[in-house]
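The structure appears right after this line, and notes come after that.
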Amino acid sequence: MPAKQDRDRQRVDMEALKRQAAARALEQVKDGMRLGLGTGSTARHFVDLLGEKVRAGMKVMGVPTSEATRAQAEQCGIALTHAG
């Protein structure tokens, strides 16, 4: 397999693994929780998946760790607060 195709396949595989890790973490989330919403590629998957749960009726409060995460969470419909 050419090197570029191999790198592309590995990148896709890594993203699938990150999404799986985010889904496993989401299994621990319960209605009413206050959650720190991290920053990075795996956290992006988590926020997307959490947004699906929120749109389905789950009530949580997120505390974003970056402006990018805040914007993504707002777009996903996740209620936000600040630390403290």
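The values are calculated or read from the model by the stated rules, or taken from the named source; none is laboratory data. None of these values were measured; they are calculated from a predicted model. Note that we place each Cβ from the backbone using ideal geometry, even for glycine, and neighbour counts take in every protein chain shown. Only protein heavy atoms, including side chains, enter the accessible area calculation; ligands, DNA and RNA are left aside. Shrake-Rupley method; radii C 1.70, N 1.55, O 1.52, S 1.80 Å.
So is Val63 in a loop (DSSP other than H, G, I, E, B) and surrounded by 11 or more Cβ atoms within 10 Å (Cβ to Cβ) or not? Quick ask: steps written out before the conclusion?
Numbers: in a loop (DSSP other than H, G, I, E, B): no; surrounded by 11 or more Cβ atoms within 10 Å (Cβ to Cβ): yes.
Against the criterion (in a loop (DSSP other than H, G, I, E, B) and surrounded by 11 or more Cβ atoms within 10 Å (Cβ to Cβ)), Val63 does not qualify.
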Take the residues in the stretch 6-29 that are within 15 Å of the chain's Cα centre (by Cα) and not aliphatic (A, V, I, L, M); name whichever of them is least open to solvent (accessible area, probe 1.4 Å). Lys18
With the first residue restricted to the stretch 9-34 and required to be farther than 19 Å from Ile78 by Cα and modelled with pLDDT of 95 or more, and the second required to be among the small types (Gly, Ala, Ser) and open to solvent by less than 70 Å² (accessible area, probe 1.4 Å), Cβ contacts under 6 Å at 6 or more apart or on different chains are Lys18/Ser41
Since Leu37 meets every condition but one in (1) over 9 Å from the mean Cα position of the chain (by Cα); (2) buried (at least 18 other Cβ atoms within 10 Å of the Cβ), which condition does it not meet? (1)
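Name the residues in the stretch 20-49 that are hydrophobic (A, V, I, L, M, F, W, C) and touching a strand residue (DSSP E or B) at 6+ places or on another chain (Cβ under 8 Å), would you? Don't jump to the end; show me each part of the working.
Restricting attention to the stretch 20-49, the residues satisfying the condition of being hydrophobic (A, V, I, L, M, F, W, C) are 21-23, 25-26, 29, 33, 35, 37, 43, 46-47, 49.
Result: Val29, Met33, Leu35, Leu37, Ala43, Phe46, Val47.
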